[in-house]
Amino acid sequence: MRVSLIQMAVSFGRPQENFARVLQLLNQAVQEEPDVIVLPEMWNTGYALSDLAQLSDKEGQKTQELLSQFAREHKVALVAGSVAVQEAGQFFNRTYVYGKDGQLLSSYDKVHLFGLMAEDQYLTAGQQESHFELAGVKASNVICYDIRFPEWLRTLMADGAQILFVVAEWPQDRMEQWEILLKARAVENQTFVVAVNRVGDDPDNHFNGHSLIINPLGQVILQASDDQEGIFTADLDLTQVDQTRGHIPVFDDRKPELYHWGGRYEIWRIAIIEGPAQAIFC
């Protein structure tokens, strides 16, 4: 599978400029003949959160029209970063995924809101998982801060996904953590991680890109240039996923019944209160 990453600058609080730039970069990316194109987080507005009432995409209509038409006309799948969407009086940080036929495959709202950038003050957290298939390949996606929660990533990847897409606005100050976390998520889930970060500045942060594609062994197979806008493309050998999972069968060896406090409490309650004979069956 060929994947093209769009590492772009985002104009703070200027959605019209950003829509025009995204379309320009999408047209550049299709020249690489990818199967999938990936965009960064919040590319329509940047983190102009206090102005979302005026700037966000109502019901996501403009974004969906652009992406669906582009995917259909160019026969390319889109993991289309994320955009600020206004819906029923609330604001969401939302990813849309489109197939090569222009059909919407997945819509995912960021689950873990980042208080350090005031997301929790302006946005509503998502409540649903992300699962979709691209040309028969199972995949999931998350947004930025979500990667700090391995239990959430494992919940998504336990469905058999072979690719984890990550879209982000990750500041340069925490760039070392970005790469460490992405490598860890690749290794522990034995999956390809395709991660796109933006470049440029907003009033509070500098973003230097450093977009990455990492294989199931945690090896970087593509690293985008720091502080450079552009298209970065790599081919994924998806046979590596089955090879890695076959060699070290992490998913088969899991013991999820032991991983939750509720489960531990129930085992303790049965063993101590109801007696050893009952505990045998727990």
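The values are calculated or read from the model by the stated rules, or taken from the named source; none is laboratory data. Everything numeric here is computed off the predicted structure, so don't read it as measured data. Neighbour counts are summed over all protein chains in view; Cβ atoms, including those assigned to glycine, are modelled from backbone coordinates with ideal geometry.
Points to keep in mind about this one:
- Going through (1) surrounded by fewer than 19 Cβ atoms within 10 Å (Cβ to Cβ); (2) modelled with pLDDT of 95 or more; (3) in contact with a Phe, Trp or Tyr (Cβ under 9 Å, 6 or more places away or on another chain) one by one, PHE149 falls short only on (3).
- Residues that are without any contact (Cβ under 8 Å) to a residue 40 or more places away in the chain, under 21 Å from ALA29 (Cβ atoms) and crowded, with 19+ Cβ neighbours inside 10 Å within the range 211-257 comprise LEU212, ILE214, listed in sequence order.
- Matching option when the condition is within 20 Å of the chain's Cα centre (by Cα), within 20 Å of ASP202 (Cα to Cα) and of a type in the set (A, V, I, L, M), among ALA80, ALA48, ALA84, ALA71: ALA84
- Residue check, LEU113 in contact with a strand residue (DSSP E or B) (Cβ under 6 Å, 6 or more places away or on another chain) and either part of a loop (DSSP other than H, G, I, E, B) or modelled with pLDDT of 95 or more (or both): no
- For the range 118-139, the set of residues classified as in a loop (DSSP other than H, G, I, E, B), within 14 Å of the chain's Cα centre (by Cα) and surrounded by 14 or more Cβ atoms within 10 Å (Cβ to Cβ) consists of GLY126, GLU129, SER130, HIS131, listed by residue number.
- Test: residue in the range 174-197 that is within 21 Å of HIS247 (Cβ to Cβ), of a type in the set (Lys, Arg) and assigned to a helix (DSSP H, G or I): yes
- GLU17 being closer than 26 Å to GLU133 by Cα and not small (Gly, Ala, Ser): no
- Within the range 225-281, the set of residues being of a type in the set (Phe, Trp, Tyr) and modelled with pLDDT of 95 or more comprises just one member, PHE232.
- Subset of the range 198-233 [touching a helix residue (DSSP H, G or I) at 6+ places or on another chain (Cβ under 7 Å) and in a loop (DSSP other than H, G, I, E, B)]: HIS210, ASN215, PRO216, LEU217, GLY218
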